[in-house]
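A.B. asks: Take a look at this one; I'll ask things after.
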Amino acid sequence: MELEEGQLDPGTGKLKRQPSRGMYILPSVFTAGNIAAGYYAIVQAIQGSAADPDHFDRAALAIGFAVLFDGVDGRVARMTSTTSDFGRELDSLADVITFGVAPSLLAYIWGFRMLPMMPAHAALRGQLVHAGVFVCFLFLICGASRLARFNISINPQPRNPGRPGHKYFVGMPIPAGAGVIASIIHFRDGWPIDNEWVALGWLCLIILTGFLMVSSWRFWSGKEIGLGNKQPFQMVALIAVLGVLIALYSEYMLLIIAIGYLISGVLARLAYSWSRERRVPRV
């Protein structure tokens, strides 16, 4: 009888069976769902207007679902031992589309292009629209750079604080950056910004999010969360409760999660800077 192709397990010295070729398709199915959600978000953003803001809200929700798909495909690949170079490259391309192009386009149309035409503020509106084009493109470039750095990094070293490891990301992940934009738009039920000062704050938030993605600051990865922990039932209950709260109060819960994650990296950096100043001996 002919043995199936596989690798020799160094621990037991026995032939280790490889997953069937069909299993490698499974993670790519979730990645394809990620791309589909990004494409849908782009289409909805283009169709949105101040008279029909539901398109903006659907685009934001599509990005939110894409975050879920993005988290599942990697876990499925690891659980089924079907990780591959093709899957990693496809996942990166999907992230550029869904968490780079889609949210940057949505942020521009929703936050700047839809500003009302008022003769008294025509000059300011024009400046904000032009600045919005540049800043949203900057968000896209920062997200793509974050992905490129992640792909080539073997052991990235965060600058703040404590030990580097699989529990932390170096820089804010691009799905989290897209989630910040999507959560705010969903919180407003898709109603676009109609005030120049609010648009200016929106501009600053996009700049901050882009900076955090390319920074070397530490953000929690959540990779240690799983059903294989010592207390899986508590974890299942916690996930279930969180899922119910999101389903019932999605506008508030998604905003709290997205902004809370952004603030966590900033607070960790500030705490590290403060503790480092205290450790420096005074002359």
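A.B. asks: Please identify every one of the GluC sites (Glu not before Pro) in region 171-273 that sits in a loop by DSSP and has no more than 12 other beta carbons within 10 Å of its own beta carbon. Write out the running numbers ahead of the final one.
C.D. replies: On the way: sites: Glu196, Glu224, Glu251; in loops: Glu224.
Taking region 171-273 and a limit of 12 other Cβ atoms within 10 Å, the loop GluC sites (Glu not before Pro) found are Glu224.
A.B. asks: Report the label-to-label distance for Ala247 and Asp54 in nanometres (one decimal), using points 7 Å from each Cα along the Cα→Cβ vector.
C.D. replies: In this crude label model, Ala247 to Asp54 measures out at 2.2 nm.
A.B. asks: Given H placed on each backbone N at 1.01 Å, which residues far from Trp220 in sequence or on other chains put an amide H within less than 5 Å of it?
C.D. replies: For Trp220, the qualifying residues are Phe169.
A.B. asks: What's log10 of I(q)/I(0) for region 30-132 at q = 0.11, 0.19, 0.20, 0.22 Å⁻¹, Debye sum over Cα points only, no solvent?
C.D. replies: One equal scatterer on each Cα of region 30-132 leads to -0.43, -0.87, -0.92, -1.03.
A.B. asks: Could you give each residue of region 244-252 its phi-based ³J(HN,Hα) in whole Hz, using Karplus coefficients 6.51, -1.76, 1.60 with θ = phi - 60°, and x for Gly or Pro?
C.D. replies: Values per residue, Gly and Pro as x: 5, 4, 5, 5, 7, 10, 4, 4, 7 Hz.
A.B. asks: So if we plug the beta-carbon distance of Val129 and Ser84 into 1/(1 + (r/R0)^6) with R0 = 45 Å, what FRET efficiency do we get, rounded to 0.05? Before the final figure, lay out each step's value.
C.D. replies: Values: r = 43 Å, r/R0 = 0.96.
The pair Val129/Ser84 has a calculated efficiency of 0.55.
A.B. asks: Compute the signed sum of charges (Lys and Arg +1, Asp and Glu -1) over the other residues within less than 15 Å, Cβ to Cβ, of Thr31. Working shown, then result.
C.D. replies: Numbers: positive: Arg75, Arg78, Arg88; negative: Asp70, Asp73, Asp85, Glu89, Asp91, Asp95.
Net charge in that neighbourhood comes out at -3.
Taken together, the values in this text are just the output of simple stated rules run on the coordinates, not laboratory data. From a predicted model like this one, the values you see are computed outputs, not experimental measurements. Positions of Cβ are backbone-derived with ideal geometry, glycine not excepted, and every protein chain shown enters the neighbour counts.
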